[in-house]
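A.B. asks: Structure in structure tokens, see below.
The values are calculated or read from the model by the stated rules, or taken from the named source; none is laboratory data. Owing to the predicted nature of the structure, the values given are computational and were not obtained by experimental measurement. With ideal geometry, Cβ positions are generated from the backbone for all residues, glycine too; neighbour counts draw on all protein chains shown. Accessible surface is based on the protein model in full, side chains and every heavy atom, while ligands, DNA and RNA are left aside. Shrake-Rupley method; radii C 1.70, N 1.55, O 1.52, S 1.80 Å.
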Amino acid sequence: MADDGWRPVKRTRTFEDVLAQIERRIAEDGLTVGDRLPAERHLAGQLGVSRSSVREAMRVLETLGVVSSQAGRGPDAGAVLTSRPDTALTDLLRLHLGLASLELREVIDARHMIEQWAASHAATARADTSALASALSGMDRARTAEEFVEHDTAFHCAIADASGNRLIAAIMRSLRHSMRKYAVEAVERLGDTSILRADHQRILDAIDRGEAAEATRAVSDHLAHAYPSLFGH
């Protein structure tokens, strides 16, 4: 067995084995966001594989948002564990929308289900709504559709954050960022955003009052106003 708890891996399917070893060490060592993995050369020696196999595994982990590569020597060398679980999903959703292998309706339906759940749980928990109120103020000050959508996205991501479920929050960010272009187009089509701002205030008030059923209805009505062609309005 190699030193430092690393075990030599089989040379068949090497880079998958490297990934499995890294995953095992993250779990066993209790590594968290901000912790640093050993440098590439050290990992290769401990695992008994080539540096190219380690490099390939690290590229996969970076693409998935698990690590961020860091250049440097000595204690500054090695990849840092990061927390970007939504990044890869955002890119994947945007690509599928661009290729028309996913319909916008499918993305909106997923958002509808997730956001209703999030708003209901945020209301039940009587969650802090200061982030929602701040985003709503930003929407009131917005001068362009792009600015409005920026604050609108912050508002809806804040609902997901308020639900207390980090995975739901990550998925919501992925959904919102992947469909940003469509959201801007929807705001431009509406022209007057007063009904959307009123919808946001209704959602905020329902969460503040702890009215889960009303928060759920408010989310549903809001999406129908934003995307009338998808909801038969």
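A.B. asks: Can you tell me which residue within region 153-185, out of those that are of a type outside the set (S, T, N, Q), within 13 Å of the chain's Cα centre (by Cα) and more than 14 Å from His112 (Cα to Cα), is most open to solvent (accessible area, probe 1.4 Å)?
C.D. replies: Arg166
A.B. asks: Out of all the residues in region 128-138, is one or more part of a helix (DSSP H, G or I), closer than 19 Å to Ser220 by Cα, open to solvent by 70 Å² or more (accessible area, probe 1.4 Å) and in contact (Cβ under 8 Å) with a residue 60 or more places away in the chain?
C.D. replies: no
A.B. asks: (1) out of contact with any His (no Cβ under 9 Å at 6 or more places or on another chain); (2) surrounded by fewer than 21 Cβ atoms within 10 Å (Cβ to Cβ); (3) assigned to a helix (DSSP H, G or I): which one isn't true of Leu196, the others all being true?
C.D. replies: (1)
A quick yes/no check of all residues on (1) crowded, with 18+ Cβ neighbours inside 10 Å; (2) at pLDDT 80 or above; (3) in a helix (DSSP H, G or I):
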{"position": "Gly72", "(1), (2), (3)": "no, no, no"}
{"position": "Pro75", "(1), (2), (3)": "no, no, yes"}
{"position": "Ala88", "(1), (2), (3)": "no, no, yes"}
{"position": "Arg105", "(1), (2), (3)": "no, yes, yes"}
{"position": "Gln116", "(1), (2), (3)": "yes, yes, yes"}
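A.B. asks: Here is a further query. When you go through (1) among the hydrophobic types (A, V, I, L, M, F, W, C); (2) farther than 21 Å from Glu106 by Cα; (3) touching a residue at least 60 places away in the same chain (Cβ under 8 Å) one by one for Leu175, which number turns out not to apply?
C.D. replies: The one condition Leu175 does not meet is (2).
A.B. asks: Among residues belonging to region 168-225 that are modelled with pLDDT of 95 or more and touching a Lys or Arg at 6+ places or on another chain (Cβ under 7 Å), point out the one that is nearest to Leu136 (Cα to Cα).
C.D. replies: The residue in question is Ala218.
A.B. asks: Shifting gears a bit: Return the total of residues in region 9-61 being in contact with a strand residue (DSSP E or B) (Cβ under 8 Å, 6 or more places away or on another chain), assigned to a helix (DSSP H, G or I) and at pLDDT 80 or above.
C.D. replies: 2
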